[in-house]
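A short worksheet on the structure shown next.
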Amino acid sequence: MVNTLMRLFRRWPAVNAFLLRLVGRFTPVGLGTAAAEPVLPPIGQPFRPPAPMSIAPAAFEMRFMKLHAEGRFDEMWEMIAEDAQRAWGGREMFIRDMPRLGDDTEVLDVQVLNVKVLESWTDHRHERTYSNVAQMVLRYRVREQWKDWTLDRQVHLIPAAGGWRTLYYPAQMKSSAGSR
């Protein structure tokens, strides 16, 4: 009689699964199955996916400058902090007003001289305080026509989803010290 009932319940997989779980709680022998062996956790460390990679501040800034040199302003927009994006007035204004390198200007080299992550930093020009700010000093070597020159500049990056964002404001909004 039990076997007849079990054949009937096997036609409804949900009912069959429920009954097997119910019976399995009371006895190691399921209905019509061999004795169940206890399931042990696997030996060794559990598999954990790798931590998400965060781009280093220096690598972020190098990519930002490479996109600038290539005139890929649309891609640069996503790398700018929200505060700076608001100051630009939107993507189209950024693309239109972003300073371009002249035909006779070439960025020869960019070196990261110093990187510090500051617990807190205040942008006095824009009256905003940020946490965990990457402060970098970069040295640009540029050729303009026949003349090579070097420029040191301090930049600031703030943490954001997916890594960093730069505080790159429009020229009229930048501080006289050249910080961003």
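The values are calculated or read from the model by the stated rules, or taken from the named source; none is laboratory data. A quick note: this is a predicted structure, and the numbers were derived from the prediction, not measured. We place every Cβ from the backbone using ideal geometry, glycine too, and count neighbours over all the protein chains shown.
Observations on the model:
- Any hit, region 55-65, residues being assigned to a helix (DSSP H, G or I), modelled with pLDDT of 90 or more, assigned by TED's automatic domain parsing to the domain that holds residue 141 and over 21 Å from residue 136 (Cβ atoms): no
- The requirement of being hydrophobic (A, V, I, L, M, F, W, C), at pLDDT below 90 and surrounded by 14 or more Cβ atoms within 10 Å (Cβ to Cβ) is fulfilled somewhere in region 132-151, by at least one residue.
- Here region 90-131 is the region considered, the condition is being assigned to a strand (DSSP E or B) and among the aromatic types (Phe, Trp, Tyr), and the residue that is surrounded by the most Cβ atoms within 10 Å (Cβ to Cβ) is 121.
- Close pairs (9 angstrom Cβ cut-off, 6 or more residues apart or separate chains): in the same structural domain as residue 104 (by TED's automatic domain parsing) in region 143-162, assigned to a strand (DSSP E or B) and modelled with pLDDT under 85 anywhere: 143/105; 143/106; 143/107; 143/108; 144/105; 144/106; 145/105; 148/108
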